[in-house]
1. Taking the condition of being surrounded by 22 or more Cβ atoms within 10 Å (Cβ to Cβ) and more than 9 Å from every other protein chain (Cβ to nearest Cβ), how many residues in the stretch C:148-177 meet it?
2. Taking the stretch D:61-82, which residues are crowded, with 18+ Cβ neighbours inside 10 Å and not in a helix (DSSP H, G or I)?
3. Quick one: B:Pro225 ticks every box in (1) at the interface with chain C (Cβ under 9 Å from one of its Cβ atoms); (2) open to solvent by 20 Å² or more (accessible area, probe 1.4 Å); (3) within 21 Å of A:Ala194 (Cα to Cα) except a single one, so which number is it?
4. For the stretch B:15-40, give me the residue count where each residue is in a loop (DSSP other than H, G, I, E, B), closer than 21 Å to B:Phe68 by Cα and open to solvent by less than 60 Å² (accessible area, probe 1.4 Å).
5. Residues that are open to solvent by 10 Å² or more (accessible area, probe 1.4 Å), touching a strand residue (DSSP E or B) at 6+ places or on another chain (Cβ under 9 Å) and in a loop (DSSP other than H, G, I, E, B): does the stretch B:110-120 have at least one?
6. Collect the residues in the stretch B:45-56 that are in contact (Cβ under 8 Å) with a residue 24 or more places away in the chain and open to solvent by 40 Å² or more (accessible area, probe 1.4 Å), keeping them in residue-number order.
7. Which residue pairs have Cβ atoms closer than 6 Å, lie 6 or more positions apart in sequence or on different chains, and pair a first residue in the stretch B:99-117 that is more than 14 Å from chain C (Cβ to nearest Cβ) and free of Cβ contacts under 8 Å to residues at least 12 places away in the same chain with a second residue that is among the charged types (D, E, K, R) and assigned to a loop (DSSP other than H, G, I, E, B)?
8. Looking at the stretch D:228-252 only, could you name the residues that are at the interface with chain A (Cβ under 10 Å from one of its Cβ atoms) and open to solvent by 50 Å² or more (accessible area, probe 1.4 Å)?
There are 4 protein chains.
Amino acid sequence: MSEMLKVAVLGAKGRMGTAAVAAIGAAQDLELVAALGRGDSLDQLVKLGVQVMVDLTVPDSTEANVRFAVDHGIHAVVGTTGWSAERLGALESLLAHHRQTGVLIAPNFALGSVLATRFATQAARYFDSVEIIELHHPRKVDAPSGTALRTAALVAAARAGAGVADAPDATETELDGARGASVDGIRVHSVRLAGLVAHQEVLLGSPGEQLTIRHDSFNHESFMPGVLLGIRTVGTRPGLTVGLDGYLDLES
Amino acid sequence: MSEMLKVAVLGAKGRMGTAAVAAIGAAQDLELVAALGRGDSLDQLVKLGVQVMVDLTVPDSTEANVRFAVDHGIHAVVGTTGWSAERLGALESLLAHHRQTGVLIAPNFALGSVLATRFATQAARYFDSVEIIELHHPRKVDAPSGTALRTAALVAAARAGAGVADAPDATETELDGARGASVDGIRVHSVRLAGLVAHQEVLLGSPGEQLTIRHDSFNHESFMPGVLLGIRTVGTRPGLTVGLDGYLDLES
Amino acid sequence: MSEMLKVAVLGAKGRMGTAAVAAIGAAQDLELVAALGRGDSLDQLVKLGVQVMVDLTVPDSTEANVRFAVDHGIHAVVGTTGWSAERLGALESLLAHHRQTGVLIAPNFALGSVLATRFATQAARYFDSVEIIELHHPRKVDAPSGTALRTAALVAAARAGAGVADAPDATETELDGARGASVDGIRVHSVRLAGLVAHQEVLLGSPGEQLTIRHDSFNHESFMPGVLLGIRTVGTRPGLTVGLDGYLDLES
Amino acid sequence: MSEMLKVAVLGAKGRMGTAAVAAIGAAQDLELVAALGRGDSLDQLVKLGVQVMVDLTVPDSTEANVRFAVDHGIHAVVGTTGWSAERLGALESLLAHHRQTGVLIAPNFALGSVLATRFATQAARYFDSVEIIELHHPRKVDAPSGTALRTAALVAAARAGAGVADAPDATETELDGARGASVDGIRVHSVRLAGLVAHQEVLLGSPGEQLTIRHDSFNHESFMPGVLLGIRTVGTRPGLTVGLDGYLDLES
């Protein structure tokens, strides 16, 4: 029987942390040996022989947590935001002295969303037209969503890099706003509808065909497969990895 | 064996006319006895015993054609535009003297589109949120489409009539155009994509559920079932009917 | 200021009951005056002047609850199952002696689902082809879903009633099961996918066009608008109504 | 100004050939110097200085055409079927003596379809559940479609290779066929609907999220971008390439 990987969750009482504790507990190859909250000492991570630390805390404490882990040869999977370029640089310097240790910093753990963005970006240069529709619950305060803005920017860059012409558009008379927002030339439409959570469709069209890549996020459970993938993979990827994409095997 | 209905097509060489001639020819209960073009005399309609005339000509000639038909007791199915309120009034006066004769004037023969608009309008009052996405080929010059504008106006009127509150929307920061155009308070989003023809989605949402009514029009064949329904029904509906809706049996 | 309607919920601690209590509490025109559980006496409904009783209990007790309500001139909205033809007959007899009192017995309170089934049934006769795809979470034990079976039966009956031919299908070689199950001649496909809840698509097609009617049920909140509609309407509909459809205004 | 690439089309009068002739004619960087039909001599390809030959002929003649091209240092883009393993082997032997010459043999030129299959295959190992819905016109004789069978086999292989468990499925009672056909354990559902052409959806689900990859093929125009990509790329890829995938740049 293979040994289970010893995992600790920091920020275990938050929404993401609670879900992570449950997901790790349910995984047969992982052993949750510590679930820490604010104020708990990190020393026990060492005593308990933790191999992978999952940091789901707050921007103020994540850097110290991760540095502690690296200093003690514990791999770290980090979902906390607030990692500036400066912080990332300092972390890389530290990792240069701990060549066996891996750190994953992932702004988005939803595998489906990460894959959808990647596929849309790859496909973008091969179609005449690309537009994005994002659909969210009506309590959302910003339009378009951050994910849609990032997808549009990546799509636009991919098309520019490949020298693709602007999408054809003969619109002469437009009721204000009908054609959506333009993000680097890519049209983005934001739907706000009661009942929805977070959804995005990238529509790619050329004469005679359409490719649609849609991601639906129904609840926070969707982040857990990404967290588990991070935990299982981080030990085999020494150094710093930013973005879950780096752990996906998309060669086959 | 039941006798076939004798049908004539006016404007038989146009795009719609050509399709109508083919569709009538393929229908086992209909007999195409005349396919007339510009300049052909209407007198033969009488000689040939035509029972239903299909007018797919041009705004300049449709009124005279229909009046000729009514005067001779021939039912008329009309797809030509250009029927002003004044023309419609004059036609009704004429029909008052020909109480057995029916005329259908239909701006849209696509059954699916007619049904989609009707269903969306009926459902609109029962949901917190309604938004419309219309998607067309990129050669279209207007945005939103005429169908989307009409659907939005009908949806808005239905909601106003039922005293439904505005859809919830917490948007505070919006990239210009992201939330679409507002048509009587209903958000409409216009996608233009190579490869597409004419498509419309009405999204209706309330906490916990979504209803989506989508119509795809792939080509002009889609008008033919509506034309055939008109031909088969017009004889049983004396007087003037505007809109194919009037011929649909939606009670069951 | 108009007076609020006094409402009581029976079975208030169940999943549906809890949601109903919350929804009624949030409605500005409704006053929740009693939330009863198993063993609570119904006498207080009379003392508190309850106008509408919502029964979300169990098959064993629903009949006695409703008869008590009718005997005391309290309207009843009933979501509990177990109403056999015999029980319904007895209830109608009782209502004949209480001509001001209304009872709604509704097997499905999700407005979107009720509307989707109705629209699909109405449209079915106007298209060459109709197929149904239902998609559910993978813990579901039956395939197809009850809703899909009922929708297929209604669609098939509507087509038979209108004399519509069978949908065209040239399939000669089929991998077992590929074409789905046949329910009265309508093909039904059952998808089971992690992440999903309860979803159904009715696809209707004719040459050149497609009409798609899709309903997504994300959680039990979706039943509440139907419950509220029932509460607000039941007082104006004396006698027995089976099915929420009867309360929908779909004429406009 | 850069020189235009000299292109010849063989099988120029067939459906695909006619479309290719039009597409090449419309491309500003390509010059159509020959459009050959059955019986035309290939010698003129040499005289005219053709750089890329597009073979859209028939299985009986494609091998001789391609060997002629390779012998004369003309690159070949081949859409004709009938390339057995034996033929491919012989072609590779020939190409070993013409190290500057490239040949692309592509069973499917629809970029969107090629991309959709690739993306679905890559994503398959990251989700608990995968099912495929393919939708076609009702004149299709086989179910599932060849593309769906191939996609399912690739998806199943990718999951097996990654050691992914079978998709969860608690179905106990099934109306025969409801759950679709099983292709290497992947469920495939075949819809046949008037109005449709060729469409495929791969649904991937995990708790809390869904990824959907859909491809719609509306007409044969959809093959032309792939043909043009082949023409523009074949000169830079000496040797034999099977499948358009090999020419797609999906690294970014």
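1. The qualifying residues number 4.
2. Answer for the stretch D:61-82, where residues must be crowded, with 18+ Cβ neighbours inside 10 Å and not in a helix (DSSP H, G or I): D:Ile74, D:His75, D:Ala76, D:Val77, D:Val78, D:Gly79, D:Thr80.
3. Every listed condition holds for B:Pro225 apart from (3).
4. Counting residues in the stretch B:15-40 that are in a loop (DSSP other than H, G, I, E, B), closer than 21 Å to B:Phe68 by Cα and open to solvent by less than 60 Å² (accessible area, probe 1.4 Å) gives 1.
5. no
6. The answer is B:Val46, B:Leu48, B:Gln51.
7. none
8. D:Asp249, D:Glu251, D:Ser252
The values are calculated or read from the model by the stated rules, or taken from the named source; none is laboratory data. Everything quoted here is computed from the prediction, not taken from an experiment. Methodologically, a virtual Cβ is constructed for each residue, glycine included, from the backbone with ideal geometry; neighbour enumeration extends over all protein chains shown. Each accessible area value is taken on the protein alone, full model and side chains, heavy atoms only, with ligands, DNA and RNA left out. Shrake-Rupley method; radii C 1.70, N 1.55, O 1.52, S 1.80 Å.
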